[in-house]
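Have a look at the structure below, then the notes.
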Amino acid sequence: MTKMAKLSARLRKEWFLLALVGAVLLASILPDLGRSGGWLRLEIVSNWGVALVFFLTGLGLSAAALRDGALKWRVHLLVQLSTYLLFPLLWWGFMALFSRWLPHDLALGFAYLCALPSTISSSVAMTVLARGNVPAAIFNASASSLLGIVLTPALVTLMAGTSGAALPFGQAVWKLTQLLLLPLLAGQLLRPLLLGFYQRHKSSITLVDRWVIILLVLSAFSDSVASGLWRDHGAGLLVKAAAGAAFFLVVVVVLSRTVARLMGLSVEDEIAAVFCGSKKTLASGVPMAKLLFGANPALGVIVLPIMFYHQLQLILCSWLAQRYAARERPATLGADTGANQAARQGSST
């Protein structure tokens, strides 16, 4: 394969990341294009687009795979405590050390990052690659997403309240229920009828999901740029966001691996716990931010940490998954377990 062909293949593989960067650049050059009330009227996309993303998530979620992974209670405990307790505790420690150098809106962005649920698709994909407990990964990532409808606004209110930016908790939960939970349940209820269509057009459906996220990022950054994002902060903001995201990711991966081994979990369960417990969702994070902080002109700054975290977790967890996969394969597992095969077929989101 020629260098140009390799470069072309690489660009096709990373198109979503490049599109996110492009959305930020476009918003920086032409903020009137995507800002609220701007040329594209992207505020219309916000509610309907978010509902569509979670309807598709529910459509692709396999209830059978969830049942297969429901009994691993120690894995569930580690994952959910990592997601909703360890991350917030780290945020308070992080703020105690670095708050004097962080803009208020970026500090709120890190609080939001630490309150987010795990990601379903990436957690499951990495667990499959690493030959881990796939049913447990599907169950935990899905449970994390559902818990996030209540716990994410609760944690953001708790953490942001310490810096004078608390959100109305009841209103936040109601909005998330309307635009996240109900569409997700609708997708799950319609899954028996639409599963064939979903599987035949999965690649196209994934594109719809990704483009909604890109438009939401464009909208968020357009509003922030129009409100003086780069004038007030400059490029140093990007460095701080990336460094903070790297800090949280590395610390949580190391701690979750250590605790999994202290608990005596099998390697397969450890893999599921590490990947589900350390990941944070961009696919849900950007739509949820639009719902929770939609009136905040600094929304672009708030979502910066999760945008950096998303890419960093893909890099680190891909490397870690390859390290896990290279271990000696136990004879009792064979090439693949039946449960993992079933889960792999059902983990479409």
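Tally up the residues in the stretch 270-302 that are of a type in the set (A, V, I, L, M, F, W, C) and more than 29 Å from residue 259 (Cα to Cα), please.
Total meeting the criteria: 11.
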Residues of the stretch 53-108 being among the basic types (Lys, Arg) and at pLDDT 90 or above, which ones? 74, 100
Checked the stretch 1-17 for anything surrounded by 13 or more Cβ atoms within 10 Å (Cβ to Cβ) and touching a Leu at 6+ places or on another chain (Cβ under 9 Å); matches are 17
Show me the helices (runs of 4 or more DSSP H) found entirely inside the stretch 184-298 where at least 1 residues are at pLDDT 85 or above, in contact with a Ser or Thr (Cβ under 7 Å, 6 or more places away or on another chain) and not charged (D, E, K, R). 202-226, 236-262, 267-278, 282-292
Report the residue count in the stretch 211-231 for those that are touching a residue at least 12 places away in the same chain (Cβ under 8 Å), surrounded by fewer than 22 Cβ atoms within 10 Å (Cβ to Cβ) and farther than 22 Å from residue 52 by Cα. 3
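Results for (1) surrounded by fewer than 23 Cβ atoms within 10 Å (Cβ to Cβ); (2) touching a residue at least 24 places away in the same chain (Cβ under 8 Å); (3) more than 18 Å from the chain's Cα centre (by Cα), shown as yes or no for each residue.
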{"position": "43", "(1), (2), (3)": "yes, yes, yes"}
{"position": "50", "(1), (2), (3)": "no, yes, no"}
{"position": "53", "(1), (2), (3)": "no, yes, no"}
{"position": "69", "(1), (2), (3)": "no, yes, yes"}
{"position": "86", "(1), (2), (3)": "yes, yes, no"}
{"position": "100", "(1), (2), (3)": "yes, no, yes"}
{"position": "119", "(1), (2), (3)": "no, yes, no"}
{"position": "132", "(1), (2), (3)": "no, yes, yes"}
From the set of residues in the stretch 279-312 that are of a type in the set (S, T, N, Q) and within 19 Å of residue 147 (Cα to Cα), which is surrounded by the most Cβ atoms within 10 Å (Cβ to Cβ)? 284
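The values are calculated or read from the model by the stated rules, or taken from the named source; none is laboratory data. Everything quoted here is computed from the prediction, not taken from an experiment. Every residue, glycine among them, receives a Cβ derived from its backbone with ideal geometry; neighbour counts consider all protein chains shown.
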